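A short worksheet on the structure shown next.
Laboratory data are not the source of any read-out in this text; all were calculated from the coordinates shown. Model, not experiment: these values are computed from the prediction. A quick note on method: Cβ atoms are made from the backbone with ideal geometry, for glycine too, and the neighbour counts reach across all protein chains shown.
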Amino acid sequence: MKHPLPELATKDQPTQRVKPELRRFAEELADAARPISLRYFRTPLDIEQKKDSSPVTIADRQVKTTMRDIIAARHPLHGIYGEEHGNANPGQPHVWILDPIDGTKSFITGMPTFGTLIAFLDHGIPQIGVVDMPALDERWVGVSGSTTTMNGTACQTRQCRRLGDANLYTTSLDLFDSAELAAFNAVSAKAAMRRFGGDCYSYALLASGYIDAVIETSLHPYDHLPLVPIIEGAGGVITDWTGAPLKVASDGRVIAAATPELHTEIITIVAACYRE
């Protein structure tokens, strides 16, 4: 396991269907976060380095504090798990996963492809996911059992079933170790196109049918769990590199694909690389 993580309460199935008010609340969190990140975007910022050498700014911290305060006021018994300021009540059956600014490197270099990620977990299972792109005025919302929407309109993955027809993305080759890079290269060599960058935006574009697959590593739960309802609700598949569902304790390696057939082809190539 690459990232030691605290245990959250887990069961095989959520206890109940997602309540509409929880979806509305998730969007309220995104509404509250957006103006804060935009206030600091493309302005001079002091940049700090976290223990893992990744950058963090005042924007990350203020967005996270704002969302945490809203959750504490409205749902004081819910847990919170996120990138900044640690965790609160992580053993509760209902937990909010927060990534205030996914793509901080994009944010601090003026690229508009940073986003705020929000997930609601019921007994460890992602039931709501939000990818909000403040600088682009775009928002994807996924709810378990419902169709994913982009700015309120239903969206769907492209029906790409062959890797040879697929547009493949990853954020950066620098994140792969040598074995992971070999696996990625084996997959991307068979793809129609490979491109880099994007962070959470790549997954959102996959949900809307613009790209077909994303392969990444070194992700944390707050990076990937919000994506699960969005990709699945758009008709796609998202798992770890073995094909197992993503959970809080997943090892950070993620494969997302537009169709089950494409996902299976990618998983098969990756598995073969690790057998060699």
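By how many degrees, 0 to 90 and rounded to 10, does the Cα axis of helix 178-188 deviate from the longest principal axis of the chain? Compared with the principal axis, the helix lies near 70 degrees. Please compute the Kirkwood hydrodynamic radius over the chain, one decimal place, Å, based on all pairs of different Cα atoms. In the chain this quantity evaluates to 18.6 Å. Among Ser172, Ser54, Ser37, the ranking by other beta carbons within 10 Å of each residue's beta carbon, starting with the fewest, stands as Ser54, Ser172, Ser37. Per-residue Cβ neighbour counts within 10 Å put Ser218, Ser250, Ser178 in the sequence Ser178, Ser218, Ser250, beginning with the fewest. Mind checking the angle between helix 20-40 and the chain's longest principal axis? C-alpha axes, 0 to 90 degrees, to the nearest 10. It works out to around 90 degrees. The simple Förster model, with R0 at 35 Å and r as the Cβ-Cβ distance, assigns Thr65 and Cys273 a FRET efficiency of 0.25. Once divided by 2.2 N^0.38 Å, the Cα radius of gyration of the range 20-154 becomes 1.02. Note on the range 169-236: Kirkwood radius taken over Cα pairs, Stokes-Einstein applied at 10 °C and 1.306 mPa s, translational D equal to 127 µm² s⁻¹.
Positive end of the dipole of the chain (Cβ unit charges, origin at the Cα centre): among Ile70, Asn151, Leu227, the Cα lying farthest that way belongs to Asn151.
Summing Cβ point charges (Lys, Arg +1; Asp, Glu -1) relative to the Cα centre of the chain gives a dipole of roughly 320 debye. Note on Thr264, Thr57, Thr153: ascending count of other Cβ atoms within 10 Å places them as Thr153, Thr264, Thr57, the fewest first. The charge dipole of the range 20-154, taken about its Cα centre with unit charges on the Cβ of Lys, Arg, Asp and Glu (plus for the first two, minus for the last two), comes to roughly 100 debye.
Extension gain, Arg39-Ala249: 0.36 nm per intervening residue step, less the Cα-Cα distance, totals 72.2 nm. Over the residues of the chain, the helix contribution to mean residue ellipticity at 222 nm works out to -10000 deg cm²/dmol, using -39500 (n - 2.57) for each DSSP H run of at least 4. If you line up the long axis of helix 58-74 against the longest principal axis of the chain, both from Cα atoms, how many degrees apart are they, to the nearest 10? Approximately 70 degrees, to the nearest ten.
Highest average first, the peptides 236-243, 210-217 ordered by how many other beta carbon atoms sit within 10 Å of their residues are 210-217, 236-243. For the range 128-152, the residues whose backbone nitrogen is under 14 Å from a point 7 Å from the Cα of Tyr210, taken along Cα to Cβ, are 132-140, 150-151.
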